[in-house]
Amino acid sequence: MKYFMFCLVIFSASLGANSSAGFHTIVWNVGQGQWVTVVTPLQCYHFDAGGEFFPWRKIALQCQQKKNFLFLSHWDWDHIGALGKPAMKKYLPDVCLALAPLGRSSPRKMRILSAIQKCTATAPLLPVNIWQPAAESPFKGSSNGLSSVTQQRGILFPGDSTANEEKIWQDLPWVARTQILILGHHGSTTSTADSLLKRLRRVRMSFSSARWSRYRHPHSRTLARLRAARIANLRTEDWGNIWIAQTAIYDFKKF
C-alpha cells in the first residue's frame with residue numbers, strides 16, 4: 001500500500017493538457033459539494049455541478065470544446081451552484097440538461113435551470129443508469145430525499161440520497177455492478193448505510209467531495225462502515241481534483 005501511494009503522487013505530475021482526449025473521470029475539488037465529470041473524446045457528462053469554489057480553467061481544459069451533458073441529482077446549491085455563475089457560460093458554452101432535479105425549488109433556482117437548454121432525444125450518447133423516486137415518495141418533503149441516483153461506467157452517484165431512500169434502490173441490478181462509489185451526501189452519517197455497502201460487493205474504492213475541517217464530512221461513522229466493508233476512501237480535501245483512469249485495472253491519480 002505504501003508503494004502504491006508513492007506512485008500515486010509521483011506520477012500524478014504527468015497528467016497534462018492532452019488528457020482531454022481519452023476516457024476518464026474527474027472528481028473536482030469544489031469544497032463542500034459535488035461535481036464529477038466523465039470525460040470522453042467528444043463529450044463530457046457532468047454529475048451535479050455545485051460546491052463552494054470551482055477550478056474553471058481545468059474544467060474548461062477537459063470540456064470546453066465538447067458537448068456537455070448535465071445530470072442533476074437534486075436542487076441543493078452544493079449540487080447546482082456552478083450553474084448560476086457567469087463563468088459557466090464562458091468556460092462551458094455548449095451545455096444541455098439531460099436530467100433535471102425532481103419537484104420545484106426557489107424562483108431563483110428555477111430561473112437558473114430554465115435558462116439551460118434541454119438535451120435532444122438522441123443524447124446522451126453513452127448509457128447512464130437512472131433511478132428517480134416515485135411521485136408518491138414518502139421523502140418528497142426533503143430535497144435530499146428526492147435525490148435522483150445515477151451510474152455511468154461503473155461509478156455510482158447517489159446525490160444526497162438518505163439511508164431510508166437507499167433501501168428502495170439498492171437492489172436494482174445495475175447498482176450491484178458498481179465498482180466505484182461517490183459517497184452520498186458527501187459522507188454524511190445519514191447516507192451510505194451498511195445495507196447498501198453489503199450490496200456493493202464489487203466496490204473497493206470510494207470518493208468524498210467535502211470539507212471535514214468545516215462540515216465534518218465524511219463522518220467518522222461513515223468511514224468506519226467503509227473500513228468494515230474494506231472500501232478505501234479518498235477525499236478531495238486531501239488530494240485536490242482526483243483523476244480516475246478506467247482501464248482493465250482502475251488507476252487513481254491526482255493532478
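The values are calculated or read from the model by the stated rules, or taken from the named source; none is laboratory data. Just so we're clear, the structure is a prediction, and the values are computed from it rather than from any experiment. Here the Cβ is made from the backbone with ideal geometry for all residues, glycine too, and neighbour counts use every protein chain on show.
Table for the structure above
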item	result
Residue satisfying all of: in the stretch 136-173; acidic (Asp, Glu) and modelled with pLDDT of 85 or more; nearest to residue 71 (Cα to Cα) among these	160
Pairs with Cβ under 8 Å, 6+ apart, first in the stretch 162-183 and over 19 Å from residue 231 (Cβ atoms), second surrounded by fewer than 21 Cβ atoms within 10 Å (Cβ to Cβ) and among the β-branched types (Val, Ile, Thr)	162/190
Some residue of the stretch 85-99 being of a type in the set (Ser, Thr, Tyr) and in contact with a Ser or Thr (Cβ under 9 Å, 6 or more places away or on another chain)	no
Count of the stretch 98-115 residues which are within 16 Å of residue 45 (Cα to Cα) and touching a helix residue (DSSP H, G or I) at 6+ places or on another chain (Cβ under 7 Å)	1
Only one of 123, 82, 87 that is of a type in the set (A, V, I, L, M, F, W, C) and modelled with pLDDT under 95	123
Residue satisfying all of: in the stretch 69-96; in a helix (DSSP H, G or I) and under 12 Å from the mean Cα position of the chain (by Cα); nearest to residue 32 (Cα to Cα) among these	78
Among (1) outside any strand (DSSP E or B); (2) hydrophobic (A, V, I, L, M, F, W, C); (3) surrounded by 18 or more Cβ atoms within 10 Å (Cβ to Cβ) - the single one residue 110 does not satisfy	(3)
